[in-house]
Structures are given as structure tokens and as C-alpha cells.
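Written below as C-alpha cells is the structure these notes are about.
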Ligand code: NDP
């Protein structure tokens, strides 16, 4: 049976929940599907210190529980489930959930966020979950007192290297260029930390190990020289990609897959479809900016439904 709704929200990070709070308060009776990782990227982080309103800071997972509670209290219908296909050929817009049922929606807010990128080498994929991880905060604890490695040179890699340095005996950090992309303050912290060793101009040649990670073979891209280091875990922190694959062919996106919205709004190229948060933002990518755009998307949806006489 097909269910009908005024406002369907896909995704449960700060953008999705904020859209749900606003849409519920505007009496749009929104339904929100949480996706594969309820709460989104903030559920795999530790302390958030830069979200206004939490003067003492807050743990990321707790913050998302708070967001969900607030959306529920306002009357949003929050559900488990993954959007698996869409049909935006006409109004009402159609979204398939869990490959089994279709929802018909007068408006859709896409807040599906972004996911970690991988190096895509065979050994990394094979040992994923057996010492290879894209989340130091989730998995670092399992390697307490041991040597680990991390690849990446952005703020995420620095943050995770610092996190690991407090748990593990040594952190080997692979940087593919002669400089880091991370902010100066994060770089300084990393470079001043005694048990983090930075390998400049270095790439991952192979993750070593049969059933679990036992080492890493790295390659200096300038000299071609290879070296092996003994480690128990390998963390990948090389950025993210937007979760937009189900919208290919329907919505305009850039060459990296970020959805394109009209400047100053959350409108996509399809009437009634709005996008908010990291799936359309490769510049700011902050919880607070995602929440702000979730608010904008709900207001845009409300105005659209009003103008069309759908609400
Ligand atoms: P970034 O895109 O900023 O950095 C990715 C890093 O991975 C770059 O150093 C890049 O190298 C490296 N990289 C990419 N592909 C490979 C590869 N195949 N092999 C080796 N290295 C690779 O991603 P982040 O996730 O670090 O950050 C995303 C955004 O979030 C940024 O805007 C960042 O500032 C922000 N952020 C802010 C935080 C904070 O303020 N506390 C915390 C975390 C993130 P190269 O430089 O050579 O391209």
C-alpha cells in the first residue's frame, strides 16, 4: 500500500532533524526516515565544542539524541528505514523505502549527508572491520596500548590522530604531500605530540595481514622507497563523499555528487524537492550550518506547499 504525506524528510543528521522540527511546528506532519546511520556523522564523533547553546560542550551522539527527542516532541514521525529509490517524474513525488514500500510525498527534503571515503585498495577492503576502520573514535579503543597508523592530512585526520595518541602507544600518520590541509592549530597539535610520527610524501602501498591487520607497507612518492611498519590498526581519514547516488538522473549534482541547490535557497532542479546539509555542502560541513540549512529547507517546503495549495 502506498502511504501519502505532505513532507518526507530523508536523513537524520542535524539537517534532517532540524527540518523535522520546523516542518512539524508548521503542521506539515513530516515523516522522517533515518537511513543507515541514525543520527549521522555526529554519532561517530566525541565532543562537540562549537555548537552554540552548549557552553560546556556536548558528546556528538547525545546531541543527536536531543535533536531526535525535540523533533519527536514537536510531532514529527521518526522512523527506521532507508530510502532506496526515487521517482521524481511527477507530483506527488515517490520515494521507495527499504526496497519494499513507496511513499508519495508533496514535498521531499533530502538530508542524507556524506560518508567516509576509502583508498579502495584490495587489502584495505579485505581487512575492513578487522583492523581497518574509518572511525578512530568508534574503534580506537580496541587498540589500546598498541601501534596504529592513520592516513589523511585534513582536520579529521589530525583530530583522529590526536584522539588515537591518547589511547595507543604510537600513531604513524601518512601524509601524501609535503604539507597538511588541516587548519594550522590542528597541525601544530599533531606535530607537537610526541607519539605521533608523521611520514611526509607517503602513500599506502598495502595493508599487511591475513585475517587481521599486522602491518603497513608505505611508499615514499618522491623516492619510490618502500618501508614496512608494524601496526595493529589502520585508520582511513581522507574525507567524505555525499550520499546522493539514488538521486542520479533526477537531480542536478556536481562532478563529486554534491546536490546543486539554487543560490540562497534549498531548492533543487525538481519542484518540491529540497536539499539540506552535507549532501549539498562541500564547503562548510558543520553541524550548525547543516542545521541552518535544514531549517531553510522546511521553510522552503512550507512555502512551496502553500503556493501550490497542497497545504
Ligand atoms: P578534507 O577533504 O579536508 O581532507 C582530506 C585529506 O585526505 C587531505 O589531506 C587529502 O590530501 C587526504 N587524502 C585524500 N585522498 C587521499 C588518498 N587517496 N590518499 C592519501 N590521502 C588522501 O577532509 P576532512 O574530513 O579532514 O575535513 C572535511 C571538512 O570538515 C574540512 O572543511 C575540515 O576543515 C572540516 N573539519 C573540521 C573540524 C573541526 O573544526 N574541528 C574537524 C573535522 C573536519 P591532500 O591534502 O593532499 O588533498
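The values are calculated or read from the model by the stated rules, or taken from the named source; none is laboratory data. Remember, predicted model here, so these are calculated numbers, not experimental data. Note that each Cβ is placed from the backbone with ideal geometry, even for glycine, and that neighbours are counted across all protein chains shown.
Looking only at the stretch 300-311, count every residue that is surrounded by fewer than 17 Cβ atoms within 10 Å (Cβ to Cβ), in a helix (DSSP H, G or I) and either in contact (Cβ under 8 Å) with a residue 12 or more places away in the chain or in contact with a strand residue (DSSP E or B) (Cβ under 8 Å, 6 or more places away or on another chain) (or both) and tell me the total.
The number of residues fulfilling the criteria is 0.
Checking the structure you have, find out if any residue of the stretch 100-114 is in contact (Cβ under 8 Å) with a residue 60 or more places away in the chain and within 14 Å of the ligand (Cβ to nearest atom). Yes. Is there a residue in the stretch 201-224 that is within 14 Å of the ligand (Cβ to nearest atom), closer than 22 Å to residue 40 by Cβ and in contact (Cβ under 8 Å) with a residue 24 or more places away in the chain? There is no residue in the stretch 201-224 that is within 14 Å of the ligand (Cβ to nearest atom), closer than 22 Å to residue 40 by Cβ and in contact (Cβ under 8 Å) with a residue 24 or more places away in the chain.
For the stretch 276-290, the condition holds for at least one residue, the condition being that it is surrounded by fewer than 24 Cβ atoms within 10 Å (Cβ to Cβ), touching a residue at least 60 places away in the same chain (Cβ under 8 Å), in contact with a helix residue (DSSP H, G or I) (Cβ under 6 Å, 6 or more places away or on another chain) and not in a strand (DSSP E or B). Residue 244 meets the conditions (1) away from the ligand (no atom under 11 Å from the Cβ); (2) modelled with pLDDT of 95 or more; (3) not assigned by TED's automatic domain parsing to the domain that holds residue 257 in every case but one. The failed one is (3). Of all the residues in the stretch 127-138, those that are over 17 Å from the mean Cα position of the chain (by Cα) and touching a residue at least 12 places away in the same chain (Cβ under 8 Å) number 4. Counting only strands (runs of 3 or more DSSP E) that sit wholly inside the stretch 26-104, those with at least 3 residues that are more than 19 Å from the chain's Cα centre (by Cα) and farther than 25 Å from residue 138 by Cβ are 83-87, 93-97. Among the residues of this structure, residue 216 does not count as one that is outside the structural domain of residue 44 (by TED's automatic domain parsing), touching a strand residue (DSSP E or B) at 6+ places or on another chain (Cβ under 9 Å) and more than 27 Å from residue 155 (Cβ to Cβ).
From 164, 119, grab the single residue that is buried (at least 21 other Cβ atoms within 10 Å of the Cβ), within 16 Å of the ligand (Cβ to nearest atom) and either within 28 Å of residue 16 (Cα to Cα) or in contact (Cβ under 8 Å) with a residue 24 or more places away in the chain (or both).
Unique residue meeting the criteria: 164.
Counting just the residues of the stretch 170-188 that are within 11 Å of the ligand (Cβ to nearest atom) and not in a loop (DSSP other than H, G, I, E, B), which one comes out surrounded by the fewest Cβ atoms within 10 Å (Cβ to Cβ)? The residue in question is 185.
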